[in-house]
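The next block holds one structure in the form of structure tokens; read it before the comments.
The values are calculated or read from the model by the stated rules, or taken from the named source; none is laboratory data. Everything numeric here is computed off the predicted structure, so don't read it as measured data. Quick reminder, even Gly has a Cβ in these numbers, built from the backbone with ideal geometry, and neighbours come from all protein chains shown. Please note that ligands, DNA and RNA were not included when accessible areas were found on the heavy atoms of the full protein model with its side chains. Shrake-Rupley method; radii C 1.70, N 1.55, O 1.52, S 1.80 Å.
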Amino acid sequence: MLANNMLTKDQMLEQYEVLGFFYDLCIVKRKSDGVKGTLQFSSHPSLDPLDSAEPIGYTRYYYNFVEE
């Protein structure tokens, strides 16, 4: 299941400073106000447009910011 407000790596880096990783959590500081917290992340297959059944890599998405 995909969460609302999912961010790609580039989108996440525009909004957050990464402080570290722990299991499936990314420890971050929100750039707009300096609030620390965590983002969950997961990877989803990127499909080859010429062969939709064959993944060509994985895209990581970040979501569910929780303040510290």
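For Asp48, the conditions (1) modelled with pLDDT under 95; (2) open to solvent by less than 50 Å² (accessible area, probe 1.4 Å); (3) touching a Lys or Arg at 6+ places or on another chain (Cβ under 7 Å) are fulfilled apart from (3).
Taking into account only those residues within region 1-24 that are modelled with pLDDT of 95 or more and aliphatic (A, V, I, L, M), which is surrounded by the fewest Cβ atoms within 10 Å (Cβ to Cβ)? Here the residue is Leu19. For region 25-45, filtered to residues that are among the hydroxyl-bearing types (Ser, Thr, Tyr) and under 16 Å from the mean Cα position of the chain (by Cα), the residue that is modelled with the highest pLDDT is Thr38.
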